[in-house]
Amino acid sequence: QAVLAQGTRGTIRGTVTDPNGAVVPNATATLIDVQKGTTVRTSTTNTNGEYQFIEIEPSTYRIVIAAPSFAELTLNDFALEPNRNLILDATVSLTT
């Protein structure tokens with residue numbers, strides 16, 4: 001009988017939309033470990049506006065979302081608990 005080890009890593013994913021609710025493909029989502037002050041990973045949204053970070057160590061993070069013609073958006077200081085899947089959707093504003 002196989003014994004599966006309990007992992008501690010989690011997943012963070014979400015959808016980036018514009019103020020009208022339309023998805024924003026090719027936006028860049030940068031995952032930053034707040035405690036270490038380091039960039040962990042960068043993801044680009046797909047054609048459905050979705051980004052995903054998998055196998056992420058528990059910590060406190062921030063995500064910076066950037067896309068052409070849109071203002072940069074920061075999702076500040078959220079905790080990823082062990083074995084959790086966070087969904088962090090974001091709405092970006094048009095630059096003026």
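The values are calculated or read from the model by the stated rules, or taken from the named source; none is laboratory data. Not measured: the values here are computed from a predicted model. We place every Cβ from the backbone using ideal geometry, glycine too, and count neighbours over all the protein chains shown. Ligands, DNA and RNA are excluded from the accessible area calculation, which covers all protein heavy atoms including side chains. Shrake-Rupley method; radii C 1.70, N 1.55, O 1.52, S 1.80 Å.
Rounded to the nearest percent, how much of the accessible area of the chain (1.4 Å probe, protein heavy atoms only) is carbon and sulfur?
Working: 2790 of 5970 Å².
So the carbon and sulfur contribution to the accessible surface is 47 percent.
For the pair residue 71 and residue 34, how long in nm is the line joining their label points, each one 7 Å along Cα→Cβ?
The answer from the label model is 2.1 nm.
Tell me, what HN-Hα J-couplings in whole Hz come from the Karplus equation 6.51 cos²θ - 1.76 cosθ + 1.60 at θ = phi - 60° for each residue of region 50-63, using x for Gly and Pro?
Result, rounded to whole Hz: 9, 10, 7, 10, 10, 6, 9, 5, x, 5, 9, 10, 9, 10.
Any idea how far apart residue 20 and residue 44 come out in nm if each label point goes 7 Å out from Cα toward Cβ?
Computed distance between label sites residue 20 and residue 44 equals 2.4 nm.
If contacts are Cα pairs under 8 angstrom and at least 6 residues apart, what is the relative contact order of the chain in percent? Intermediate values should be presented prior to the final figure.
Numbers: 234 pairs, mean separation 35.0, N = 96.
Computed value for the chain: 36 percent relative contact order.
Within the chain, what's the longest stretch lacking trypsin sites (Lys or Arg not before Pro) that sit in DSSP loops with no more than 15 other Cβ atoms inside 10 Å? Don't jump to the answer; show the numbers that get you there.
On the way: sites that count: 9, 36, 84.
Answer from the scan: 37-83.
Could you work out the relative contact order of region 24-70? I mean the mean sequence separation of Cα pairs under 8 Å and 6+ apart, divided by the number of residues, in percent.
Values: 85 pairs, mean separation 22.5, N = 47.
Here the relative contact order equals 48 percent.
Please check which bits of region 12-32 a label hung off residue 87 would reach, taking the label as a point 7 Å along Cα-to-C-beta and the cut-off as backbone N under 12 Å.
Correct set: 13-15.
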